[in-house]
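Read the structure below first, then the notes.
The values are calculated or read from the model by the stated rules, or taken from the named source; none is laboratory data. Note that the structure is a prediction, hence the values are computed from the model and not measured. We place every Cβ from the backbone using ideal geometry, glycine too, and count neighbours over all the protein chains shown.
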Amino acid sequence: MVLDAITAILYCLGAYAIGSLPTAIWYGEAFFGIDVRNFGSGNAGATNTFRVLGTKPGIIVLLIDAFKGWTATIISFILIHNTNIHEKYIPLYGMLFGALAVVGHIIPLFANFKGGKGVATSLGMVFGINPELALICLIIFLVIFLTTNYVSLGSITAAFAYPLLMLSPRFLPSQHFMVIFGYVMFAIVVLTHQKNIIRLLHGEEGKIYLFRKKRS
């Protein structure tokens, strides 16, 4: 059994609303009295929070943004207990709700539709679907980031690794649409990082140093 139209729409709107919570903006305004979108890259995400406010605020925003994606994805598992939905549909709904949370983060309802790039929220979604695979992607990101100090390069590399890892015997899902979805998510990361890619190719991308003082 699949969800009826009205219930599906309500869940989708809820997932989008969760993703729309502008963590970086609210945190910056609450504790520093600034809108992070007016500084640095102009994005309302964890990377720009690191750049503008420092390490501790950046980590807090990153964790909350990831939690948004995880929460939206986990909603699908709650459906098992609240509806007669068949378990085989759970991964599909999990990806749908998680993706809508990512869209909400990129185009947030509560921040004039100007948000971040959705990487942390995407990571949270992957943790909700496959924690082991998400952990490997996180390690890949950290290795690239810590060795180059380029968050964008780490994000793109981890996003590229995600669908490739799903093709391995260990992670190959029974539903092949999940692999296709992985490539779609990678495409979204590339699209939201177009300017970063251009700057990387020209050696102009700004570096982020994990240990630095916060904005005074």
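For the reader, a short list of remarks on this structure follows.
- Among the residues here, Val143 qualifies as surrounded by fewer than 20 Cβ atoms within 10 Å (Cβ to Cβ) and aliphatic (A, V, I, L, M).
- No other residue among Ile25, Ile60 is over 18 Å from Asn112 (Cα atoms) and in a helix (DSSP H, G or I) apart from Ile60.
- Within the range 30-61, the set of residues being modelled with pLDDT under 95 and either among the acidic types (Asp, Glu) or within 12 Å of the chain's Cα centre (by Cα) (or both) comprises Asp35, Gly45, Ala46, Thr47.
- Number of the exception - Asp4 against (1) in contact with a helix residue (DSSP H, G or I) (Cβ under 9 Å, 6 or more places away or on another chain); (2) surrounded by fewer than 16 Cβ atoms within 10 Å (Cβ to Cβ); (3) without any contact (Cβ under 8 Å) to a residue 40 or more places away in the chain; (4) not aliphatic (A, V, I, L, M): (1)
- Residue in the range 121-130 that is surrounded by 14 or more Cβ atoms within 10 Å (Cβ to Cβ), modelled with pLDDT under 95 and not in a helix (DSSP H, G or I) present: yes
- Test for Ile188: is it in contact with a Gly (Cβ under 8 Å, 6 or more places away or on another chain), at pLDDT 95 or above and either crowded, with 17+ Cβ neighbours inside 10 Å or not β-branched (Val, Ile, Thr) (or both): no
- From Gly104, Gly98, Gly115, Gly69, residue being crowded, with 24+ Cβ neighbours inside 10 Å, outside any helix (DSSP H, G or I) and under 12 Å from the mean Cα position of the chain (by Cα): Gly115
- Residue in the range 125-138 that is polar (S, T, N, Q) and either in contact with a Ser or Thr (Cβ under 7 Å, 6 or more places away or on another chain) or touching a residue at least 60 places away in the same chain (Cβ under 8 Å) (or both) present: no
- Close pairs from the range 169-182: first more than 15 Å from Leu133 (Cα to Cα), partner among the aliphatic types (A, V, I, L, M) and surrounded by 12 or more Cβ atoms within 10 Å (Cβ to Cβ), Cβ under 8 Å, at least 6 apart: Gln175/Leu92; Phe177/Leu92
- Flag not set for Tyr162, criterion: in a helix (DSSP H, G or I) and touching a Pro at 6+ places or on another chain (Cβ under 6 Å).
- Qualifying residue in the range 47-61 (condition: among the aromatic types (Phe, Trp, Tyr), over 19 Å from Phe186 (Cα atoms) and in contact (Cβ under 8 Å) with a residue 60 or more places away in the chain): yes
- The condition (being among the hydrophobic types (A, V, I, L, M, F, W, C) and within 19 Å of Cys12 (Cα to Cα)) is satisfied by just one residue among Phe181, Phe145: Phe181.
- Residue that is nearest to Ser155 (Cα to Cα), among those in the range 11-42 that are surrounded by fewer than 24 Cβ atoms within 10 Å (Cβ to Cβ), touching a residue at least 24 places away in the same chain (Cβ under 8 Å) and polar (S, T, N, Q): Ser41
- Test: residue in the range 140-152 that is assigned to a helix (DSSP H, G or I), closer than 21 Å to Ala72 by Cβ, touching a Ser or Thr at 6+ places or on another chain (Cβ under 9 Å) and aromatic (Phe, Trp, Tyr): yes
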